[in-house]
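Nothing in this text is a laboratory measurement; each read-out follows from the coordinates by a stated rule. Every value quoted in this text rests on a predicted model; they were computed, and no experiment measured them. Quick reminder, even Gly has a Cβ in these numbers, built from the backbone with ideal geometry, and neighbours come from all protein chains shown.
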Amino acid sequence: MMLSNYVTGYLTGSVYHDAALSIRGFPGEGISNGSMIVVKTHEHGTSGRQPFSKAIFLLRNPFKVLLSEFNRRSGGHLGHAPVSKLNDTGWRNYVLKNVDHWSSFTLDWLNFKGPLLITRYEDFLNNLQSELNRVLNFLGVNSTQERLDCVDKHRNGWKRRPQHFLPFDPFAMASTPVSANMTESTQAVRSSSVVPSLRQVVERKRKLVYQARWVWSINKKEKYYQENIFAFFMVYSGIIQQLSFFWSIMLEFIKFSIDSCSDKMHLKAISMDITAFDCLILIKRLC
């Protein structure tokens, strides 16, 4: 949203009203009355999609999404969750609940009926200007290279959580708790072969969503080709109709010329001068 503000010069809105964002450079926060160029939403379902005529869907790796949102809930927009919170039951329950939400949210927006642009968060990080140009083209808005360079230079802005490296993998935790009443050997068997880790659970959801997105992309390309092939045949059909029309005119002209001739020598001259080949050359020039 911040990037759209800066690169276009137009304000972006939101279906929510976050006072912190409003104060720190998002004056369009909370405005969704159609006066903003883009409106942020985390809603989905028919009612969530209905207000929009076209949509830009920002897809991000679910592992990053889950960790980022957990940090926001625990430490605010710029803070981090305490490390201790990433190794308890609350973290486990949060991941299992919200990875389902991430999956259903993404799959639902693939059903959007209007124009839909899907862009990846990671692509913005790796090739910011190229992705911004895709968004600008989709929105039908112009910018300048100077603006793009400026945004690229100040891409982090104020709202960017600092990098924070954890001493362990929070997704290595088992997806179901191991009972304290189990023997050590039973716990080991459950942890290693029966109970999937949080990483395995999230990875299954990630593959499901990315495969669905791939199918959506294929269907979109097929629709594009079908529409363009149909348009080509319509143009081709129109050319054939024009050729037929000119050919019929030429035949009428020949017939009229022959009918108007009373002299056989004159008739012979006309038949020699105006041949089918001459007609084709004339049609080619007319087209």
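Peptides 43-53, 201-211 ordered by packing proxy, namely the average of other Cβ atoms within 10 Å per residue, highest first: 201-211, 43-53. Compared with the direct C-alpha span, the chain from Ile37 to Asn87 gains 13.9 nm at full extension, assuming 0.36 nm per residue. Extension gain, Ala20 to Arg147, is 43.2 nm, computed as 0.36 nm per intervening residue step minus the present C-alpha separation. Multiplying the residue separation of Phe165 and Val215 by 0.36 nm and removing their Cα-Cα distance gives an extension gain of 14.5 nm. In terms of its C-alpha gyration tensor, the range 1-160 comes out prolate, because a/c is 1.5 or above and the ratio a/b outweighs b/c.
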